[in-house]
Amino acid sequence: MRRAMHRGGRGFGHGGGFGRGFGGRHGHDDDGRGRRRRMFDSGELRLVLLKLIADEPRHGYDLIRQIEELTGGAYAPSPGVIYPTLTLLGDMGLIETADSDGAKKLFAATDAGRAELDTNADAVAALITRLTEVGEERQRTDSASVRRAMGNLRTVLMNRLGDRDLEEATLHDIVALIDEAAQKIERL
């Protein structure tokens, strides 16, 4: 327990997250060897971007913001991922640049892009559902009061466990209290 607290408090879950989902802070994004699962597998981001563009013409930053909104802020793809994927979609003839008022390139789906979405309708629906579920779970599990309480517990534990005069019996009492709280929360 002491070692876990001295290594930055990682004893409370992988990366400080409280739920399951994708994006690096959630339970089933870890493959069991300490590596995090990517938000999208090969080709999935391409389908998500194509779907969002088919819904309405969008520019790159808007696509990043839309995915971030779908996931409740749990994941926002980087421009270094979005723009090469947009270039690929354009090269594949699935999107094209549309007229835009500003300096930002606006992308629209082509007929071939809409056909691609029709062909992959089930996969696209599953991807959008997955992103939405990540956002819903984040809202359920990432409340400010829970974060505040966990931060308070972490601070108290670090202060108390950092005491060099901490007796073994006190350490066992602390562990018992934490275990008891975990069991009560699990029964809720």
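List the aspartates and glutamates whose alpha-carbon lies under 15 Å from that of residue 105, not counting same-chain residues fewer than 8 positions away?
Those aspartates and glutamates meeting the cut-off are 56, 62, 96.
Compute the distance from the alpha-carbon center of the range 103-157 to that of the range 49-69, in whole Å.
After rounding, the separation between the Cα centres reads 12 Å.
For Cα pairs less than 8 Å apart in space and 6+ apart in sequence, what is the mean separation divided by the residue count of the range 62-111, i.e. the relative contact order in percent?
22
Considering only 61, 95, 76, whose Cα is most displaced toward the positive end of the charge dipole of the range 51-99, charges sitting on Cβ of Lys, Arg (+1) and Asp, Glu (-1)?
Going by the charge dipole, the pick is 76.
The numbers here are math on the coordinates, done by the rules we state, and not lab data. As the structure is a computational prediction, the values presented were derived from the model and not from experiment. Backbone-built Cβ (ideal geometry, glycine too); neighbour counts: all protein chains shown.
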